[in-house]
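The values are calculated or read from the model by the stated rules, or taken from the named source; none is laboratory data. For clarity, every value in this text was computed on a predicted model and none was experimentally measured. Reconstructed Cβ throughout: ideal geometry from the backbone, glycine too, with neighbour counts over all protein chains shown.
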Amino acid sequence: MADEVRLSRLVHVRSRFTRSVSLPRDWERPDALDGYILTPSGRGILERLISSLDGTSPARAWSLTGPYGSGKSAFALFAGQVLGGCDAVGGKARALLKEHALPLWRKLTCVSSAASGPALCPVLVTGTREPLESALAAGLLAALRRVPADRQPRGLAKTLHNLAQPGQGHRTAALVTAFEEALEFVSAPESGCGGLLLVIDELGKFLEYAASHPDEGDVFVLQALAEAAARAAKPFLIVTILHQALDRYTAHISASRRQEWAKIQGRFEDVAFEEPTDQVLRLLSQAIERKGPEPLQRSIERCGRKLATEALALGSRVGSLEKKELGELIEACMPLHPAVTLVIGPLFRRLAQNERSLFAFLSSGEPFGFQEFLHEFRWGPQGGELYRLDRLYDYVATALGGALFSQHRGKYWAEVQSVL
């Protein structure tokens with residue numbers, strides 16, 4: 001029909017959900033948090049960090065563990081900017097905190113100057129396949145370089161430059177000493193900071209490297225740093241981010257080394273970063289944006305309302321959502337069929353160990369994916385095609401292939417495949 005247009009002209013995925021977060025790259029970008037949603041999980045973890053600052057909690061080191069694509073890196077960026085961002089990015093992050101978690105913002109203003117200026121000096125490290133110690137030294141050196149040139153600690157900077165070089169073997173003691181010296185330096189009144197915030201994103205890459213190259217580095221620096229943070233007189237907070245528990249990275253090392261690695265985990269407070277299904281549905285509705293000619297938008301809305309009514313009449317429920325909100329979310333997720341909207345969150349949570357996240361599905365151009373669907377099908381005043389379960393199945397089967405059958409529910413996938 002002449003009035004029909006491709007769905008790609010009417011439906012988009014907001015840019016906030018189409019790119020991954022890099023802590024070093026995005027730290028000073030004022031737009032890095034545009035569209036960020038502070039979820040209940042994020043509020044709970046941030047409250048733990050702030051409670052450490054005001055002394056109500058003795059914890060100084062945390063390990064955030066959650067599936068791929070669950071928003072851990074975005075949260076780490078937000079938390080870092082709240083606790084230690086410069087005027088522009090920090091002010092924006094704290095304004096977002098005030099808007100969405102006023103009691104938590106008030107608690108923060110009571111324990112530090114973070115409401116008006118930086119409180120902690122951020123040390124940002126993102127996982128690569130190299131010795132962890134080298135990356136930690138480079139991250140601390142980069143953090144100290146943010147200090148005005150006339151006040152930089154020259155001797156410490158030289159030490160860190162040397163520690164960051166590859167091929168030096170184990171250097172835990174020297175690195176811990178460097179962090180302790182840096183803590184004293186940044187905590188001095190003239191430095192304008194109250195302590196250190198060390199964030200290690202994608203820690204798993206360092207662990208994988210250490211497991212296969214035991215002579216090139218020492219992951220026990222994590223334990224030593226956590227112990228240094230616990231005994232420090234000034235605030236020294238450590239946050240690590242993992243896709244799976246630390247012991248999952250020890251499958252191919254000796255039993256004695258596994259026991260030693262378990263001691264490292266014991267120095268960190270493990271926090272599960274996994275949003276409930278109802279929150280995932282809210283995020284999905286925020287990610288999908290509809291624009292274009294008003295008649296076509298009204299057509300999509302009418303179809304969405306009709307399908308939402310039918311889904312609710314069948315008894316569809318998600319978590320603690322009230323029927324009214326669930327209906328609104330189903331409509332907001334159009335052109336996803338309600339059956340897809342309701343199962344896609346739990347599905348990708350199960351598949352997250354294969355790095356197949358909900359937002360990868362939304363933004364990638366893979367076969368049978370959402371973007372291919374939007375560019376292939378059209379919508380008109382009388383309606384159009386919906387993204388249905390059969391297409392979602394084809395997407396998952398194509399994207400993961402044999403990996404579907406190797407997981408603990410693989411036999412069920414095999415049964416479905418044989419029936420089809």
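List of remarks:
Conditions tested, residue by residue: (1) basic (Lys, Arg); (2) at pLDDT below 85.
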position: 375; (1), (2): no, no
position: 378; (1), (2): yes, no
position: 381; (1), (2): no, no
position: 388; (1), (2): yes, no
position: 392; (1), (2): no, no
position: 395; (1), (2): no, no
position: 400; (1), (2): no, yes
position: 406; (1), (2): no, yes
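- Meets criteria (in contact (Cβ under 8 Å) with a residue 40 or more places away in the chain, within 26 Å of the chain's Cα centre (by Cα), within 24 Å of residue 68 (Cβ to Cβ) and in a loop (DSSP other than H, G, I, E, B)) for residue 219: yes
- Any hit, the stretch 327-335, residues being at negative phi, in a loop (DSSP other than H, G, I, E, B), at pLDDT 85 or above and under 25 Å from the mean Cα position of the chain (by Cα): yes
- Selection count where residues are crowded, with 17+ Cβ neighbours inside 10 Å and farther than 17 Å from residue 195 by Cα, scope the stretch 138-156: 1
- The residue pairs whose first member lies in the stretch 54-77 and is under 16 Å from residue 234 (Cβ atoms), whose second member is of a type in the set (Phe, Trp, Tyr) and outside any loop (DSSP other than H, G, I, E, B), and whose beta carbons are closer than 7 Å, counting only pairs six or more residues apart or on different chains, are 60/236.
- Residue count for the stretch 156-205, restricted to those that are in a helix (DSSP H, G or I), in contact with a strand residue (DSSP E or B) (Cβ under 7 Å, 6 or more places away or on another chain) and among the aliphatic types (A, V, I, L, M): 4
- In the stretch 94-120, the residues that are under 24 Å from residue 152 (Cβ atoms) and either at pLDDT 90 or above or not hydrophobic (A, V, I, L, M, F, W, C) (or both): 112, 113, 117, 118
- Here residue 273 fits the description: more than 20 Å from residue 363 (Cβ to Cβ), at pLDDT below 90 and in contact with a strand residue (DSSP E or B) (Cβ under 8 Å, 6 or more places away or on another chain).
- Count of residues meeting criterion [of a type in the set (Gly, Ala, Ser), under 18 Å from residue 387 (Cβ atoms) and in a helix (DSSP H, G or I)] in the stretch 292-321: 4
- Close contacts from the stretch 160-178, counting a first residue that is under 16 Å from residue 223 (Cβ atoms) and a second that is among the polar types (S, T, N, Q) and buried (at least 16 other Cβ atoms within 10 Å of the Cβ), with Cβ to Cβ under 8 Å and a gap of 6+ residues or different chains, come to 174/159.
- Breaking point among (1) farther than 21 Å from residue 72 by Cβ; (2) buried (at least 24 other Cβ atoms within 10 Å of the Cβ), for residue 200: (1)
- Listing of helices (runs of 4 or more DSSP H) fully contained in the stretch 28-138 that carry 3 or more residues being in contact with a Lys or Arg (Cβ under 8 Å, 6 or more places away or on another chain): 40-53, 102-111
- Odd one out for residue 265, checked against (1) assigned to a helix (DSSP H, G or I); (2) at pLDDT 90 or above; (3) out of contact with any Gly (no Cβ under 9 Å at 6 or more places or on another chain): (2)
- Among the conditions (1) part of a helix (DSSP H, G or I); (2) of a type outside the set (Asp, Glu); (3) over 24 Å from the mean Cα position of the chain (by Cα), residue 349 misses just one, which is (3).
- Candidates 310, 366 - the one that is within 24 Å of the chain's Cα centre (by Cα), surrounded by fewer than 18 Cβ atoms within 10 Å (Cβ to Cβ), at pLDDT 80 or above and closer than 30 Å to residue 4 by Cα: 366
- Single residue of the stretch 1-45 satisfying the filter (of a type in the set (S, T, N, Q) and more than 14 Å from residue 76 (Cα to Cα)) that is surrounded by the fewest Cβ atoms within 10 Å (Cβ to Cβ): 15
- Of note, residue 217 satisfies the criterion of being among the small types (Gly, Ala, Ser), at pLDDT below 90 and in contact with an Asp or Glu (Cβ under 8 Å, 6 or more places away or on another chain).
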